[in-house]
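Worksheet: the structure to be examined is printed underneath.
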Amino acid sequence: MAEKRILVTGAVGQIGSELTMALRERHGGDSVVAAGRKTKPRPELRDSGPFEFADVTDREVLDGVIKKYDIGTIYHMAAILSAVGEEKPLLCWNVNMNGLHTVLEAAREHSLEKVICPSSIAAFGPETPRDNTPQETVLRPTTMYGVTKVAGELLCDYYVRRFDVDVRGLRYPGIISSETLPGGGTTDYAVAIYYEAIDKGKYTCFVREDTALPMMYMPDCIKATLDLTDADFSKLKHHSDFNVGAFSFTAGELAAEIRKHIPELEVTYEPDSRQKIADSWPRSLDDSAAREEWGWEPGYDLATMTQDMLEKLRKRHAEGKLYQ
Ligand code: AKB
(Lines give C-alpha, C1' and ligand atoms only; values in the text may rest on other atoms or scores of the structure.)
Protein backbone atom coordinates (compact mmCIF):
# COMPACT_ATOMS: atom_id res chain seq x y z
CA MET A 1 0.00 0.00 0.00
CA ALA A 2 1.26 3.50 -0.84
CA GLU A 3 2.53 5.56 2.08
CA LYS A 4 -0.05 8.02 3.36
CA ARG A 5 0.69 11.71 2.91
CA ILE A 6 1.73 14.28 5.49
CA LEU A 7 -0.08 17.56 6.17
CA VAL A 8 1.71 20.57 7.66
CA THR A 9 -0.61 23.29 8.99
CA GLY A 10 0.89 26.74 9.48
CA ALA A 11 3.24 25.85 6.65
CA VAL A 12 3.92 29.46 5.70
CA GLY A 13 5.15 30.28 9.22
CA GLN A 14 8.68 30.34 10.64
CA ILE A 15 8.92 26.67 11.64
CA GLY A 16 6.25 25.30 9.28
CA SER A 17 7.99 26.56 6.13
CA GLU A 18 11.35 24.91 6.90
CA LEU A 19 9.72 21.79 8.33
CA THR A 20 7.71 21.36 5.11
CA MET A 21 10.86 21.61 3.00
CA ALA A 22 12.70 19.12 5.25
CA LEU A 23 9.79 16.67 5.07
CA ARG A 24 9.61 17.06 1.28
CA GLU A 25 13.28 16.24 1.06
CA ARG A 26 12.71 13.13 3.17
CA HIS A 27 9.46 11.83 1.65
CA GLY A 28 9.24 13.52 -1.78
CA GLY A 29 7.45 16.75 -2.69
CA ASP A 30 4.08 15.21 -3.55
CA SER A 31 3.88 13.40 -0.21
CA VAL A 32 3.83 16.55 1.89
CA VAL A 33 0.86 18.93 1.71
CA ALA A 34 1.51 22.46 2.96
CA ALA A 35 -1.47 24.38 4.33
CA GLY A 36 -1.71 28.05 5.27
CA ARG A 37 -4.61 30.31 6.13
CA LYS A 38 -4.02 33.58 4.29
CA THR A 39 -0.36 34.36 3.60
CA LYS A 40 0.83 33.41 0.11
CA PRO A 41 3.54 30.74 0.13
CA ARG A 42 7.01 31.61 -1.15
CA PRO A 43 7.72 30.16 -4.64
CA GLU A 44 10.03 27.48 -3.20
CA LEU A 45 7.23 26.20 -0.94
CA ARG A 46 4.49 26.61 -3.55
CA ASP A 47 6.38 24.86 -6.33
CA SER A 48 7.89 21.91 -4.43
CA GLY A 49 4.60 20.15 -3.59
CA PRO A 50 0.87 20.62 -2.99
CA PHE A 51 -0.35 23.76 -1.22
CA GLU A 52 -3.83 24.42 0.18
CA PHE A 53 -5.35 27.49 1.77
CA ALA A 54 -7.16 26.06 4.82
CA ASP A 55 -8.52 27.39 8.11
CA VAL A 56 -7.63 24.73 10.69
CA THR A 57 -10.53 25.66 12.94
CA ASP A 58 -12.95 24.59 10.18
CA ARG A 59 -13.55 20.86 10.50
CA GLU A 60 -15.19 20.51 7.08
CA VAL A 61 -12.22 22.15 5.39
CA LEU A 62 -9.76 19.96 7.33
CA ASP A 63 -11.73 16.78 6.55
CA GLY A 64 -11.71 17.78 2.88
CA VAL A 65 -7.91 18.10 2.82
CA ILE A 66 -7.42 14.82 4.74
CA LYS A 67 -9.63 12.93 2.25
CA LYS A 68 -8.34 14.65 -0.88
CA TYR A 69 -4.70 13.79 -0.12
CA ASP A 70 -5.11 10.62 1.96
CA ILE A 71 -3.33 12.18 4.93
CA GLY A 72 -1.79 9.91 7.58
CA THR A 73 0.23 12.37 9.68
CA ILE A 74 -0.39 15.98 10.66
CA TYR A 75 2.25 18.43 11.86
CA HIS A 76 0.00 21.05 13.41
CA MET A 77 2.13 24.19 13.37
CA ALA A 78 -0.61 26.81 12.95
CA ALA A 79 -0.70 29.04 16.04
CA ILE A 80 -0.89 32.60 17.32
CA LEU A 81 2.30 33.39 19.30
CA SER A 82 2.78 35.13 22.63
CA ALA A 83 2.97 38.84 21.77
CA VAL A 84 0.06 38.85 19.30
CA GLY A 85 -1.78 36.56 21.71
CA GLU A 86 -1.66 39.30 24.35
CA GLU A 87 -3.02 41.84 21.87
CA LYS A 88 -5.73 39.46 20.64
CA PRO A 89 -6.41 36.91 23.39
CA LEU A 90 -9.71 35.68 21.93
CA LEU A 91 -8.17 35.07 18.52
CA CYS A 92 -5.28 33.27 20.26
CA TRP A 93 -7.68 30.99 22.16
CA ASN A 94 -9.72 30.30 19.04
CA VAL A 95 -6.83 29.48 16.71
CA ASN A 96 -4.70 27.61 19.27
CA MET A 97 -7.40 25.68 21.14
CA ASN A 98 -10.18 25.22 18.61
CA GLY A 99 -7.61 24.58 15.89
CA LEU A 100 -5.92 21.89 18.00
CA HIS A 101 -9.19 20.31 19.04
CA THR A 102 -10.33 20.17 15.39
CA VAL A 103 -7.07 18.48 14.41
CA LEU A 104 -7.24 15.96 17.27
CA GLU A 105 -10.87 15.10 16.54
CA ALA A 106 -10.06 14.65 12.85
CA ALA A 107 -7.12 12.43 13.84
CA ARG A 108 -9.40 10.29 16.00
CA GLU A 109 -12.18 9.95 13.42
CA HIS A 110 -9.91 9.32 10.45
CA SER A 111 -7.62 7.04 12.52
CA LEU A 112 -4.57 9.06 11.52
CA GLU A 113 -1.16 7.55 12.21
CA LYS A 114 0.37 10.49 14.08
CA VAL A 115 -0.17 14.09 15.14
CA ILE A 116 2.80 16.29 16.06
CA CYS A 117 1.78 19.39 17.92
CA PRO A 118 4.19 21.95 19.36
CA SER A 119 4.11 23.33 22.86
CA SER A 120 6.45 26.06 24.09
CA ILE A 121 8.46 27.43 27.01
CA ALA A 122 5.41 29.71 27.29
CA ALA A 123 3.71 26.85 29.16
CA PHE A 124 5.76 27.96 32.19
CA GLY A 125 5.08 31.03 34.30
CA PRO A 126 6.58 33.31 36.92
CA GLU A 127 6.16 30.71 39.70
CA THR A 128 8.18 28.10 37.77
CA PRO A 129 11.88 27.72 38.73
CA ARG A 130 13.61 29.73 36.00
CA ASP A 131 17.01 28.03 35.85
CA ASN A 132 17.32 24.50 34.52
CA THR A 133 13.51 24.36 34.53
CA PRO A 134 12.46 20.76 35.21
CA GLN A 135 10.27 18.65 32.94
CA GLU A 136 7.71 18.26 35.72
CA THR A 137 7.05 21.59 37.42
CA VAL A 138 4.56 24.40 38.04
CA LEU A 139 2.58 25.25 34.88
CA ARG A 140 0.87 28.56 35.64
CA PRO A 141 1.52 30.83 32.63
CA THR A 142 0.36 34.45 32.64
CA THR A 143 -0.12 34.86 28.86
CA MET A 144 -3.06 33.61 26.79
CA TYR A 145 -0.56 31.87 24.51
CA GLY A 146 0.83 30.04 27.55
CA VAL A 147 -2.65 29.13 28.74
CA THR A 148 -3.37 27.56 25.32
CA LYS A 149 -0.06 25.69 25.44
CA VAL A 150 -0.75 24.13 28.86
CA ALA A 151 -4.34 23.32 27.92
CA GLY A 152 -3.07 22.01 24.57
CA GLU A 153 -0.54 19.67 26.24
CA LEU A 154 -3.28 18.33 28.52
CA LEU A 155 -5.69 17.90 25.60
CA CYS A 156 -3.08 16.06 23.53
CA ASP A 157 -2.26 13.73 26.43
CA TYR A 158 -5.99 13.16 26.93
CA TYR A 159 -6.31 12.01 23.31
CA VAL A 160 -3.36 9.65 23.81
CA ARG A 161 -4.85 8.11 26.95
CA ARG A 162 -8.54 8.15 26.12
CA PHE A 163 -8.61 7.55 22.36
CA ASP A 164 -5.23 5.94 21.63
CA VAL A 165 -4.29 8.70 19.19
CA ASP A 166 -0.51 8.94 18.67
CA VAL A 167 0.18 12.58 19.61
CA ARG A 168 3.66 13.98 20.27
CA GLY A 169 4.98 17.42 21.06
CA LEU A 170 7.91 19.53 22.18
CA ARG A 171 8.14 22.64 24.31
CA TYR A 172 10.04 24.74 21.78
CA PRO A 173 12.34 27.45 23.10
CA GLY A 174 12.86 30.61 20.98
CA ILE A 175 13.73 29.47 17.46
CA ILE A 176 16.33 31.38 15.43
CA SER A 177 16.23 30.98 11.66
CA SER A 178 17.34 32.54 8.40
CA GLU A 179 14.55 31.60 5.97
CA THR A 180 11.18 32.86 7.27
CA LEU A 181 10.88 35.63 9.86
CA PRO A 182 8.90 34.75 12.98
CA GLY A 183 5.76 36.76 13.57
CA GLY A 184 4.25 37.91 16.83
CA GLY A 185 6.50 36.16 19.36
CA THR A 186 8.51 37.41 22.35
CA THR A 187 11.72 35.73 21.22
CA ASP A 188 11.59 37.45 17.78
CA TYR A 189 14.37 39.91 18.80
CA ALA A 190 16.90 37.07 18.65
CA VAL A 191 16.16 36.71 14.92
CA ALA A 192 15.59 40.38 14.06
CA ILE A 193 19.00 41.41 15.46
CA TYR A 194 20.80 39.31 12.81
CA TYR A 195 18.78 40.83 9.94
CA GLU A 196 19.21 44.40 11.21
CA ALA A 197 22.91 43.87 11.95
CA ILE A 198 23.44 43.00 8.29
CA ASP A 199 20.99 45.51 6.85
CA LYS A 200 21.62 48.59 9.02
CA GLY A 201 24.46 47.83 11.44
CA LYS A 202 22.20 48.74 14.36
CA TYR A 203 19.29 47.28 16.28
CA THR A 204 16.86 48.46 18.93
CA CYS A 205 16.09 45.49 21.14
CA PHE A 206 12.70 45.26 22.85
CA VAL A 207 13.97 43.35 25.91
CA ARG A 208 16.65 44.35 28.44
CA GLU A 209 20.28 43.52 27.82
CA ASP A 210 20.34 41.05 30.75
CA THR A 211 17.27 39.08 29.53
CA ALA A 212 18.21 35.41 29.19
CA LEU A 213 15.95 32.88 27.43
CA PRO A 214 16.43 29.34 26.09
CA MET A 215 16.95 29.36 22.32
CA MET A 216 17.60 26.91 19.49
CA TYR A 217 18.79 27.15 15.88
CA MET A 218 16.31 26.02 13.22
CA PRO A 219 18.29 22.97 12.01
CA ASP A 220 18.14 21.64 15.59
CA CYS A 221 14.44 22.48 15.82
CA ILE A 222 13.79 20.43 12.66
CA LYS A 223 16.02 17.63 13.96
CA ALA A 224 14.20 17.55 17.32
CA THR A 225 10.82 17.48 15.59
CA LEU A 226 11.80 14.66 13.22
CA ASP A 227 13.63 12.66 15.90
CA LEU A 228 10.54 12.78 18.12
CA THR A 229 8.38 11.77 15.13
CA ASP A 230 10.61 8.73 14.58
CA ALA A 231 10.77 7.68 18.24
CA ASP A 232 9.19 4.38 19.25
CA PHE A 233 5.85 5.47 20.73
CA SER A 234 5.70 2.50 23.08
CA LYS A 235 8.94 3.68 24.75
CA LEU A 236 7.76 7.24 25.42
CA LYS A 237 6.78 8.10 28.97
CA HIS A 238 5.91 11.69 28.02
CA HIS A 239 4.05 12.60 24.87
CA SER A 240 3.13 16.23 24.20
CA ASP A 241 5.32 18.19 26.59
CA PHE A 242 9.02 17.40 26.12
CA ASN A 243 11.41 20.14 27.28
CA VAL A 244 14.04 20.57 24.55
CA GLY A 245 16.99 22.86 25.07
CA ALA A 246 20.00 23.85 23.04
CA PHE A 247 21.54 26.93 24.68
CA SER A 248 20.61 30.09 26.58
CA PHE A 249 22.02 33.59 26.27
CA THR A 250 21.19 37.13 27.28
CA ALA A 251 20.35 39.72 24.63
CA GLY A 252 23.71 41.35 25.48
CA GLU A 253 25.61 38.09 24.95
CA LEU A 254 23.89 37.65 21.58
CA ALA A 255 24.92 41.15 20.50
CA ALA A 256 28.51 40.46 21.66
CA GLU A 257 28.64 37.25 19.60
CA ILE A 258 27.40 39.06 16.46
CA ARG A 259 29.95 41.85 17.10
CA LYS A 260 32.73 39.29 16.68
CA HIS A 261 31.70 39.32 12.99
CA ILE A 262 30.25 42.84 12.69
CA PRO A 263 32.26 44.95 15.20
CA GLU A 264 30.44 48.19 14.33
CA LEU A 265 27.01 46.78 15.38
CA GLU A 266 25.19 49.24 17.67
CA VAL A 267 22.48 47.84 19.95
CA THR A 268 20.18 49.91 22.14
CA TYR A 269 17.65 48.45 24.56
CA GLU A 270 14.10 49.78 24.79
CA PRO A 271 12.04 47.17 26.65
CA ASP A 272 8.33 47.15 25.80
CA SER A 273 5.37 45.00 26.91
CA ARG A 274 7.19 41.86 25.75
CA GLN A 275 9.72 42.24 28.58
CA LYS A 276 7.10 41.12 31.10
CA ILE A 277 6.42 38.00 29.03
CA ALA A 278 10.15 37.21 28.77
CA ASP A 279 10.53 37.69 32.54
CA SER A 280 7.84 35.05 33.16
CA TRP A 281 9.66 32.36 31.13
CA PRO A 282 12.58 30.06 32.01
CA ARG A 283 16.19 31.15 31.54
CA SER A 284 17.31 27.58 30.81
CA LEU A 285 15.78 24.12 30.57
CA ASP A 286 16.37 20.62 31.89
CA ASP A 287 15.71 18.45 28.85
CA SER A 288 16.92 15.14 30.29
CA ALA A 289 13.56 13.43 29.59
CA ALA A 290 13.96 14.14 25.84
CA ARG A 291 17.59 12.97 25.98
CA GLU A 292 16.69 9.75 27.80
CA GLU A 293 13.45 8.83 25.99
CA TRP A 294 14.40 9.56 22.36
CA GLY A 295 18.06 10.54 22.35
CA TRP A 296 17.76 14.32 21.94
CA GLU A 297 21.04 16.12 21.38
CA PRO A 298 21.44 19.59 19.85
CA GLY A 299 24.14 20.23 17.26
CA TYR A 300 24.61 24.03 17.36
CA ASP A 301 25.82 26.46 19.99
CA LEU A 302 25.66 30.27 19.94
CA ALA A 303 28.97 30.61 18.06
CA THR A 304 28.28 28.03 15.32
CA MET A 305 24.71 29.29 14.87
CA THR A 306 25.88 32.91 14.53
CA GLN A 307 28.52 31.96 11.95
CA ASP A 308 25.92 30.08 9.89
CA MET A 309 23.15 32.70 10.23
CA LEU A 310 25.44 35.53 9.12
CA GLU A 311 26.77 33.53 6.18
CA LYS A 312 23.23 32.80 4.92
CA LEU A 313 21.88 36.32 5.49
CA ARG A 314 24.93 38.00 3.94
CA LYS A 315 24.46 35.94 0.80
CA ARG A 316 20.79 36.94 0.56
CA HIS A 317 21.63 40.58 1.28
CA ALA A 318 24.16 40.56 -1.57
CA GLU A 319 21.42 39.25 -3.89
CA GLY A 320 19.06 42.03 -2.68
CA LYS A 321 16.76 39.42 -1.10
CA LEU A 322 17.44 39.76 2.64
CA TYR A 323 13.78 40.09 3.60
CA GLN A 324 12.57 38.19 0.48
C1 AKB B 1 7.13 33.20 21.24
O2 AKB B 1 8.05 33.98 21.53
O3 AKB B 1 5.94 33.44 21.43
C4 AKB B 1 7.51 31.86 20.65
C5 AKB B 1 7.64 30.80 21.69
C6 AKB B 1 8.79 30.80 22.62
O7 AKB B 1 6.82 29.94 21.77
N8 AKB B 1 8.72 31.98 19.91
Next item on the list: Excluding G252 itself, calculate the net charge of residues whose Cβ lies under 11 Å from the Cβ of G252, where each Lys or Arg counts +1 and each Asp or Glu counts -1.
Entry: -2
Check: List the aspartates and glutamates whose alpha-carbon lies under 20 Å from that of K321, not counting same-chain residues fewer than 8 positions away?
Finding: E18, E44, D47, E179, D188, E196, D199, D308, E311
Note to self: Net charge around V167, counting only other residues with Cβ within less than 13 Å of its Cβ (Lys, Arg = +1; Asp, Glu = -1)?
What the structure shows: -2
Item checked: Accessible area in square angstrom per residue, the range 114-244, 1.4 angstrom probe -> 34 Å²
Item checked: Per-residue SASA entry for F206, accessible area with 1.4 Å probe, Å² rounded to 10 -> 20 Å²
Item checked: Over 20 Å [Cα-Cα, the range 1-123], rounded percent -> 38 percent
Notebook entry, point to check: At 20 °C and 1.002 mPa s, what whole-number value in µm²/s does Stokes-Einstein give for the translational diffusion of the chain, with Rh from the Kirkwood sum over Cα pairs?
Noted result: 107 µm²/s
Next item on the list: Would you kindly find the accessible area of T186, with a 1.4 Å probe and non-protein molecules such as ligands, DNA and RNA excluded, rounding to the nearest 10 Å²?
Entry: 0 Å²
Notebook entry, point to check: When the Cα centres of the range 242-285 and the range 99-126 are compared, how far apart do they sit, in Å?
Noted result: 29 Å
Next item on the list: Only helical DSSP H runs with n ≥ 4 go in: add -39500 (n - 2.57) per run for the chain, normalise by residue count and round the 222 nm mean residue ellipticity to 500 deg cm²/dmol.
Entry: -12500 deg cm²/dmol
Notebook entry, point to check: Using every alpha carbon pair in the range 223-324, what percent of pairs falls into each 10 Å bin from 0 up to the bin containing the largest distance?
Noted result: 12, 29, 32, 21, 5, 0
Item checked: the range 61-109 - accessible surface per residue (Å², probe 1.4 Å) -> 41 Å²
Checklist line | Radius of gyration and Dmax over the Cα atoms of the range 86-133, both given in Å | finding: 14.7, 41
Note to self: What are the equivalent ellipsoid semi-axes of the range 281-324, built from the alpha-carbon gyration tensor (square roots of five times its eigenvalues), in whole angstrom, biggest first?
What the structure shows: 32, 12, 10
Notebook entry, point to check: Which net charge results when you count Lys and Arg as +1 and Asp and Glu as -1 among the other residues whose beta-carbon is under 12 Å from that of Y189?
Noted result: -3
Margin query: Could you work out what % of the accessible surface of the range 67-128 is carbon and sulfur, using a 1.4 angstrom probe and leaving DNA, RNA and ligands out of the count?
Written below: 51 percent
Note to self: With every protein chain left in place and a probe of 1.4 Å, what is the accessible surface of E264, to the nearest 10 Å²?
What the structure shows: 120 Å²
Next item on the list: Using a 1.4 angstrom probe on heavy atoms only, work out the carbon and sulfur share of the accessible area of the range 202-324 in %.
Entry: 48 percent
Checklist line | Flagged links, alpha-carbon separation over 28 Å, of K38/K67; K88/K202; K149/K200; K40/K149 | finding: K88/K202; K149/K200
Next item on the list: For the chain, set up a Gaussian network in which alpha carbons nearer than 10 Å are linked by springs, and say which option among V84, V12, V32 fluctuates the most.
Entry: V84
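The values are calculated or read from the model by the stated rules, or taken from the named source; none is laboratory data. The structure displayed is predicted, hence computed values, not measured ones. Glycine gets a Cβ as well: all are built from the backbone with ideal geometry, and neighbour counts include every protein chain shown. For accessibility, only protein heavy atoms count, side chains too; no ligands or nucleic acids. Shrake-Rupley method; radii C 1.70, N 1.55, O 1.52, S 1.80 Å.
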